[in-house]
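Step one of this worksheet: look at the structure below.
Quick note: the coordinates plus some simple rules give every number you see, no bench work behind them. Since the structure is predicted, the reported quantities are computational estimates derived from the model, not experimental observations. Reconstructed Cβ throughout: ideal geometry from the backbone, glycine too, with neighbour counts over all protein chains shown.
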Amino acid sequence: MAQAAVAQPAVAERESGRTLEFAPTFPDLVWAHHQWEKSRREGDHGDKRLDAEFRRTLARFEDAHGTLVSVYWSRADASAVGVSVKHVSRWRRLISVECERVLFHRATDWATGTVPGIPDALNECETLASKVTEVLRGTPAHVAMQWIFSIASHLLGYVERAGATAHPREAQAVAHDARVELHEVDDYYDRAGTKTGRIVYASGMVFGILGLVVLGFAAAGTLWAFNAYAKYESDIQLIFACYAAGAIGAIVSVMSRMASPRNAFFVDYEVGRSALRFVGSFRPLLGAIFGLVLFFAVKGQLLQIKPPDVASFYWYTVLAFVAGFSERFTRVLIKETAGASGGVGDEAEPDCEESPDAAGRRA
């Protein structure tokens, strides 16, 4: 077993300014290390040419895939598993709110090809590691990836110890134990992924707020350009107040459900960080639209609601906040608005809260 401290040579090679067209893959690095290690076992200090080639390959690999923080080199054959940490660019860090990515690497077929059960367990390690890389960030990613690395290195170590004499039943038992532990890692990944998905969704809402601010300034500039701002100043102030209150209500609704002990807010974190952030950016917009719709519905007397003569500004603002906060409240008022304007009533649209079982019984 060899836990390599490999960062220093790679740094030296990167500082030399050497640039190559293609970055080596992890199997390329493993093969270069195997050739160098083999020459070391055969001589006192090994082949200097192979040593230099391994260090160059390592430097190029780390330039492309990040610094290797953990690696297990098999002494039996050209096989290894490793974990690298790649720091993202400043621009990507600003957009995606992430500082680094943790990557898992595996090249084990040379050593494990004839041992039953072990290759499949290593494949499961790599599959779970891919999900961890795409979904988790920060401490949860490091914890999950190091856990997976420990399982994979244990499997590779067993093959190295047993070799060709590995008993099939014993190998299957070792692979089974690894899968049991991988289920624990998967449970941890699921819990961390749920929390990470909420954080990503919330960051999307921040981008949505910025978009609403830009849209609000653009609308105010358009009204000012057509000299409509001064003429309808009081109504325009109410419109922008409802616009902002509806967006704030939507954000407060999401945040309160995220903090609920019943975990009432669920996001599918495996759809991808970009898609989840994009969906989250629309939540403040929907709240703002709900607030504006109810404002115009009340102003147009489409609802049986009459604002008080005193403090109507605060009344409209609170109504818009509630509209953005409660989707059920907004749906009820929109149905009343549709009925008052001659649209379809409740009979033409099934209730969204109805359970599938009830719908099936009625059918």
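Using θ = phi - 60° and the Karplus curve 6.51 cos²θ - 1.76 cosθ + 1.60, what whole-Hz ³J(HN,Hα) does each residue of the range 169-176 get, with Gly and Pro shown as x?
Per residue, the Karplus-derived 3J(HN,Hα) values read 5, 5, 5, 5, 5, 5, 5, 5 Hz.
Please list 3J(HN,Hα) in residue order for the range 205-211, calculated via the Karplus relation 6.51 cos²θ - 1.76 cosθ + 1.60 where θ = phi - 60°; whole Hz, with x for glycine and proline.
Coupling constants for the range 205-211: 5, 5, 5, x, 4, 4, x Hz.
Once the convex hull of the C-alpha atoms of the range 160-315 is built, how many Å³ does it hold per residue, rounded to a whole number?
Roughly 172 Å³ of hull volume per residue.
Within 10 Å of each residue's Cβ, count the other Cβ atoms and sort His167, His65 from fewest upward. Let's see the in-between values first.
Numbers: His167 11, His65 20.
Lowest to highest Cβ neighbour count: His167, His65.
Provide the gained length on full extension for the span Asp190 to Val88, in nm with one decimal, where the gain is 0.36 nm per separating residue minus the Cα-Cα distance.
Numbers: separation 102, 0.36 × 102 = 36.72 nm, distance 2.43 nm.
Value of the extension gain: 34.3 nm.
When Thr317, Thr114 are ordered from fewest to most other Cβ atoms inside 10 Å of their Cβ, what list results? Intermediate results must be reported in sequence, preceding the final value.
Details: Thr317 21, Thr114 12.
Fewest to most other Cβ atoms nearby, the residues stand as Thr114, Thr317.
Based on the Cα gyration tensor of the range 239-303, what are the three equivalent ellipsoid semi-axes, each the root of five times an eigenvalue, rounded to whole Å and given largest first?
Details: eigenvalues 155, 39, 17 Å².
Over the Cα atoms of the range 239-303, the semi-axes work out to 28, 14, 9 Å.
Using 31 Å as the Cα-Cα cut-off, could you pick out the over-long pairs in Lys86/Lys195; Lys38/Lys86; Lys48/Lys86? Mind showing how you got there, number by number?
Details: Lys86/Lys195 23 Å; Lys38/Lys86 29 Å; Lys48/Lys86 29 Å.
Check vs 31 Å cut-off fails for no pair.
Roughly speaking, what is the centre-to-centre gap between the range 144-165 and the range 280-307 when only Cα atoms are used, to the nearest Å?
60
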